[in-house]
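Enquirer: Supplied in structure tokens, the structure appears directly below.
The values are calculated or read from the model by the stated rules, or taken from the named source; none is laboratory data. The structure presented is a predicted model; accordingly, all values stated were derived computationally and were not measured. In this analysis, Cβ positions are derived from the backbone assuming ideal geometry, glycine residues included, and neighbour counts consider all displayed protein chains. Only protein heavy atoms, including side chains, enter the accessible area calculation; ligands, DNA and RNA are left aside. Shrake-Rupley method; radii C 1.70, N 1.55, O 1.52, S 1.80 Å.
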Amino acid sequence: MPPPPVPTSISPRRDGVVAGAAVAIVSLLGLAFLYHFSQRAQVAAVQSELLQLARAAAAQVDGDLHRTITSPAQDHSPEHLRAVAPLARFHAATRDLIYVYTAVLRDGHIHFILDSGVLRPNPFSPTPDPIMKEYPGRDPDFRRALVEQREAVNATPITETERTYMSAFAPFRDAAGRFVGVVGVDLWVHDLMARLATIRRAALAGGVGVILLSGLVGLAVFRLRRQAATAEARTAAALATAELSAREAGAANRAKSTFLATMSHEIRTPMNGVIGMTALLRDTPLNETQAEFVRTISTSGESLLTIINDILDYSKIEAGHIELEHAPFDLRQCLEDALDLLAAKAAEKNIELACLLGPGVPAHVAGDATRLRQVLVNLVGNAVKFTPAGEIVVTVDTEAVGERHRLRFAVKDTGIGIPPDRMHRLFRSFSQVDASTTRQYGGTGLGLAISKRLVELMGGSMCAESAPGEGSTFRFDVVVGTAPHLVRHGVAAASPAFGGRELLVVDDNATNRRIVHDLAAGWGFRVTQATGADEALARLRSSAPCDLAILDHQMPGMDGDDLAAAIHALPARRTLPLILLSSLTRRSSSPHFARTMAKPVRVDALLAAVRATLAEAPSPGRPGAAPAYDATLGLRCPLRLLVAEDNVVNQKVVSLLLKRLGYDALVVADGLEAVAALDLVDYDAILMDVEMPELDGCEATRRIRAARPGSTRPWIIALTAGAMQDDRDRTRAAGMNDFLSKPIRTEGLSDVLARAHAALHGITV
Ligand code: ADP
């Protein structure tokens, strides 16, 4: 789609005209001023010359004699000729004079008295004016000179027929100093007129020049502005195109995200059926072959889920959709959580997992705990995968970066290592070190690419060192903020699966005993302590109940290995599950232990080991057996439950999983039915699928919340196959309290139910 035409704010024609007119006006004004000024200067020079002439002529007049000449009858009389003679001489001596004359005022009228023309004929008027001839003209300067008895001069030249002249007037007096009349001189100003004409022509030429120049300026401005307009239009068009492509790219990105979210949802929904039903199937009576098949389905399901999660994550990072959180978290807990997820796998291979926090590493930091854990799980997961024997050690140290910390992690294993020529392929997406890796170990080759990108988003970098056969070390660093001390939430409350079970702790070190005792008691165990082998064996010989024993390795007298053998030699305790706590360097090869845990004990790893050991213990019916789930949860944390889920298979999965935990729930197929069910029974909690026909989970929640403002009842748990953070935010915004992602697992389900129960009864977990 072409971008729409872009209007430009530049008008070259208008700007050209304005610029030309401005130059013309300014220049013409300047020119007019110059013209006026030089004309005035020329005229003023003539005026001053004229006044001097008039003054000089007035000095020639004999005032007393003049007074005697009053009648035309005196024309050419001796006194008349005597009186006029000096004026005639003056006239003769002065170039360009037309007239020199005197005049007096009689009864308000001007009368000529003497005229130099009497003795010196005037080319323009051969007949001189007779004495007392009344002045016929209206020259105001002439009248003013007579009335006010002072000098006066014409302001501008006067043109009459062929002559252009200017007059000046000067008073003359008699011997007593009394005013008699004025002398007038009329000067032919042809020089002045020529000069004025030259100035006029120059001004005209200047004006024409100015107009031409203005035209040129206007044209130049027009051209420049037209270029600017073209450039502006081009830039605007480019911007519009860029904006359009950005919009299209945004739309494509959104479409991609929607596609990913939909795909994730669509795949996860049936996966929920597969994984849930497999978990249920595992607990039914099966023969060896069937059990093997079920295990295969289960692991395949889990791998498929991992692959889906990896692809989703990778696409999100590629599309720039990852938004990092910045929230305070407990660093050790984050590490332990990561290790906990892999503890069972490591334990299966008998690999030691250890975690060492260097001095000065802050207990609490601010950042994205989930993403950090994801990176750690990936690296430790790889280490477990590629290490057949030995140990995996995660170390953390820190460096201050202003107000923040740079945390440096290293995950070191004693595994198969990576050939030097393959190192460069490590962090590439979909790249594994060699093709046989996929066959032998599985995986998508995305884990490291995702981890590297995540670490970079967190302000750090990642690298690896390795030697084939000697193991690998993956190092990375992230920048985190400081955080206030957080209250660590009890692991016990979140893991309510061991209620009433009996645990025996055997350790000569009182502090270690105390640690294990307090932890296990927190998880709901009834704990008995023994300081050594004798005390332990004495207790186990009795009929006292015991579901699990945790033994220290190095003890005076009988060590952990020997004690384990002695315990299993007791007929009643042959199958008692045992966990050994040992140091990293001294390992046990005793077959009596279900798990060996490295000291110092990591809270969550110990919890995982205890869980896994109890889950593997002989099936119900045999002494010491414990299911992997807490069938009494429904009794301890009773809840009236409603399940809203449209998918029939998933309805079955949720009801069966709930039944295992001791709950009965009403199942409805959509939001409308959920709202209606709530009108009949006051349910404590609802497991609400988000995507449903008729009325989806979010809308149903909004209606439920609107009908019961301010109430936390019912506690609503979102069930969703959507894996995006947006899904979580959307359900929160709609008023849901918790979130359970599909495929649903028993542990996750018991956790959300325990949380619901605690929240409804005001217990903080
Ligand atoms: P995958 O999901 O296939 O494990 P990764 O990106 O996490 O993808 O790892 C890519 C490849 O790097 C692996 O297939 C393996 O060949 C190699 N690799 C990663 N970690 C290790 C390790 N700790 N020891 C040996 N090889 C490793």
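Enquirer: Determine whether Arg89 is more than 14 Å from Val118 (Cα to Cα), open to solvent by 30 Å² or more (accessible area, probe 1.4 Å) and of a type in the set (Lys, Arg).
Expert: Judged against the criteria, Arg89 is not a match.
Enquirer: Return the residue satisfying two criteria in turn: it lies in the range 319-342 and is part of a loop (DSSP other than H, G, I, E, B) and of a type in the set (A, V, I, L, M, F, W, C), and of such residues it is most open to solvent (accessible area, probe 1.4 Å).
Expert: Within the range 319-342, the match that is most open to solvent (accessible area, probe 1.4 Å) is Leu324.
Enquirer: For the range 413-430, which residues satisfy the criterion of being more than 9 Å from the ligand (Cβ to nearest atom) and either of a type in the set (A, V, I, L, M) or touching a residue at least 60 places away in the same chain (Cβ under 8 Å) (or both)?
Expert: Start the filter on the range 413-430 by keeping residues that are more than 9 Å from the ligand (Cβ to nearest atom), which leaves 414, 419-421, 423-424.
The answer is Met423, and nothing else.
Enquirer: Can you name the residue in the range 379-401 that is more than 15 Å from the ligand (Cβ to nearest atom) and of a type in the set (A, V, I, L, M) and is also nearest to Ala346 (Cα to Cα) among such residues?
Expert: Val396
Enquirer: Tell me, yes or no, whether the range 297-309 has at least one residue that is within 27 Å of the chain's Cα centre (by Cα), surrounded by fewer than 18 Cβ atoms within 10 Å (Cβ to Cβ) and either within 16 Å of the ligand (Cβ to nearest atom) or not in a helix (DSSP H, G or I) (or both).
Expert: No, the range 297-309 contains no residue that is within 27 Å of the chain's Cα centre (by Cα), surrounded by fewer than 18 Cβ atoms within 10 Å (Cβ to Cβ) and either within 16 Å of the ligand (Cβ to nearest atom) or not in a helix (DSSP H, G or I) (or both).
Enquirer: For the range 463-479: of the residues being away from the ligand (no atom under 11 Å from the Cβ) and hydrophobic (A, V, I, L, M, F, W, C), which is surrounded by the fewest Cβ atoms within 10 Å (Cβ to Cβ)?
Expert: So the residue we want is Cys463.
Enquirer: Can you confirm whether the range 378-388 contains a residue that is farther than 18 Å from Ser466 by Cβ and crowded, with 19+ Cβ neighbours inside 10 Å?
Expert: Among the residues of the range 378-388, not one is farther than 18 Å from Ser466 by Cβ and crowded, with 19+ Cβ neighbours inside 10 Å, which makes the answer no.
Enquirer: Filter the range 741-754 down to residues that are modelled with pLDDT under 90 and closer than 12 Å to Ile716 by Cα, then give me how many there are.
Expert: Adding up the residues that qualify gives 0.
Enquirer: What about Leu244, is it under 27 Å from Ser300 (Cα atoms), of a type outside the set (Asp, Glu) and modelled with pLDDT of 85 or more? Before the answer, list the steps.
Expert: Details: under 27 Å from Ser300 (Cα atoms): no; of a type outside the set (Asp, Glu): yes; modelled with pLDDT of 85 or more: yes.
No.
Conditions (1) open to solvent by 20 Å² or more (accessible area, probe 1.4 Å); (2) out of contact with any Cys (no Cβ under 7 Å at 6 or more places or on another chain); (3) under 26 Å from Ala56 (Cα atoms); (4) at pLDDT below 90, marked per residue:
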position: Leu119; (1), (2), (3), (4): yes, yes, yes, yes
position: Pro126; (1), (2), (3), (4): yes, yes, yes, yes
position: Pro136; (1), (2), (3), (4): yes, yes, yes, yes
position: Val153; (1), (2), (3), (4): yes, yes, yes, no
position: Ser167; (1), (2), (3), (4): no, yes, yes, no
position: Ala176; (1), (2), (3), (4): yes, yes, yes, no
position: His190; (1), (2), (3), (4): yes, yes, yes, yes
position: Arg201; (1), (2), (3), (4): yes, yes, no, no
position: Leu219; (1), (2), (3), (4): yes, yes, no, no
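Enquirer: Please pick out the residue among Pro620, Pro638, Pro591, Pro600 that is more than 30 Å from Pro714 (Cα to Cα) and either among the small types (Gly, Ala, Ser) or modelled with pLDDT of 75 or more (or both).
Expert: Pro591
Enquirer: Additional query: Among the numbered conditions (1) among the acidic types (Asp, Glu); (2) more than 24 Å from Phe427 (Cα to Cα); (3) within 16 Å of the ligand (Cβ to nearest atom), tell me where Glu318 comes up short.
Expert: (2)
Enquirer: For the range 92-117, give me each residue that is of a type in the set (D, E, K, R), open to solvent by 60 Å² or more (accessible area, probe 1.4 Å) and over 20 Å from Tyr135 (Cα atoms).
Expert: Arg95
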